[in-house]
Amino acid sequence: VDRPRVLSGIQPTAGSFHLGNYLGAVRQWVALQQTHDAFYMVVDLHAITVPQDPKELRANTRLAAAQLLAAGLDPDRCTLFVQSHVPEHAQLGWVMNCLTGFGEASRMTQFKDKSSKQGTDSTTVGLFTYPILQVADILLYQANAVPVGEDQRQHLELTRDLANRFNTRYAPTFTVPDPYIVKETAKIVDLQEPTIKMSKSASSPKGIVNLLDEPKASAKKIKSAVTDADTVIRFDEKEKPGVSNLLTIYCALTGTGITELEQAYEGKGYGALKTDLAERFVEWVTPFRERTHEYLGDPETLDAVLAKGAQKARAVAAETLAAAYENIGL
Ligand code: ADP
Ligand code: NA
């Protein structure tokens, strides 16, 4: 394949994806499989850096995979797999651990944020070296580009540093990837608190739209979204974050442009926009839920898809690991 290679991962801990996950990440994955040789994984090894219930972890991993397929990932068009099914991730992860300075790892700001919330006693060493496993995830596939959000930029810099270090110290082995900061990615905010991101951890139940919830309940949340005291439907993230959020979602789900929407709703109230958006959402989410439940109800097909994905991924990962071992003297 001469399409550039991309790699991206999503955590299985989330249970149902929310609208932010879909519009901010998954939708781009679906688009990228058309233009790129795309490798996508459910990162269960990353999930165990914090305590997990074994049954829930396994169920959430399959749930994430089912939702990715339901959202439009095509196993004939991309490589979809579960991280732990490809042992080379942990193996190259160790090599990368031994190439990283302790001070260098200590400078990762995301770890500082996460561990300061947990306290040192419940923080694992795995959480500390998480970015280094991420480096291995990327380098194993010789990825040219990694679609990441702004918050992951530092981890991608580490990836570039370690790839260059290994290539210089031993022998050219790894492709040095470019960050592919996805610009047109929609940032979805909380429906009740439009100044914060819609998120599993920070949103109240009324502020977050989980894709697998009863569509009627989600429609109700959309209809009672917080807007503002004004009545004009205009895109303005600073002054009108609630309305702008609804326009962003509408636009992303239907492909209608923001300006077109502003014109269509000129002179109409927020109620009309909310009612229409709720309807569009239900139209979109109903088949998504059906497809997800089809995959979950047919574990053999889902397992076969993931097994085939792991096989395709391993073919690439094993070759890279063998070269790395050879060059480092293992
Ligand atoms: P959460 O913040 O709910 O825990 P994750 O951190 O697991 O979600 O994010 C999974 C993916 O979804 C990431 O690529 C992240 O950038 C994207 N994402 C999460 N929340 C949003 C949001 N509100 N708007 C846009 N993208 C989001
Ligand atoms: Na998050």
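Laboratory data are not the source of any read-out in this text; all were calculated from the coordinates shown. Remember, it's a predicted structure, so these values are computed and weren't measured experimentally. Note that each Cβ is placed from the backbone with ideal geometry, even for glycine, and that neighbours are counted across all protein chains shown.
Structure notes:
- Excluding exposed DSSP-loop trypsin sites (Lys or Arg not before Pro) (at most 16 other C-beta within 10 Å), longest clean stretch of the chain: 1-76
- Candidate aspartates and glutamates for bridging to K240, where Cα separation is under 20 Å - those fewer than 8 sequence places away on the same chain excluded: E184, D190, E193, D228, D230, E260, E262, E266, D276
- One decimal place: the segment Q311-K200 gains 36.8 nm when fully extended, by the rule 0.36 nm per residue minus the C-alpha distance.
- Start at zero, step by 10 Å, and the Cα-Cα distances of segment 79-158 spread as 16, 48, 32, 4 percent across the bins.
- Rounded to the nearest 20, the Cβ-based charge dipole of segment 110-163 about its Cα centre (Lys and Arg +1, Asp and Glu -1) stands at 40 debye.
- Each of C98, T286, P12 was scored by the projection of its Cα onto the charge dipole of the chain, and the greatest displacement toward the positive side belongs to C98; charges sit on the C-beta of Lys, Arg, Asp and Glu.
- Its Cα gyration tensor gives segment 264-330 an equivalent ellipsoid. The semi-axes, each the square root of 5 times an eigenvalue, are 48, 21, 6 Å from largest down.
- Rg and Dmax over the alpha-carbon atoms of segment 2-108 stand at 15.2, 42 Å.
- The residue among V26, M108, Y170 whose Cα reaches farthest toward the positive pole of the charge dipole of the chain, with charges on the beta-carbon of Lys, Arg, Asp and Glu, is M108.
- Taking 0.36 nm per residue of separation and subtracting the Cα-Cα distance, full extension of the segment from E283 to K112 would add 57.4 nm.
- Legend: distances between Cα atoms for K238/K274; K197/K238; K112/K197; K117/K197; K117/K238; pairs beyond 24 Å are K117/K238.
- Inter-probe distance in nm under a simple model that places probes 7 Å from Cα toward Cβ, at T254 and F102: 5.8
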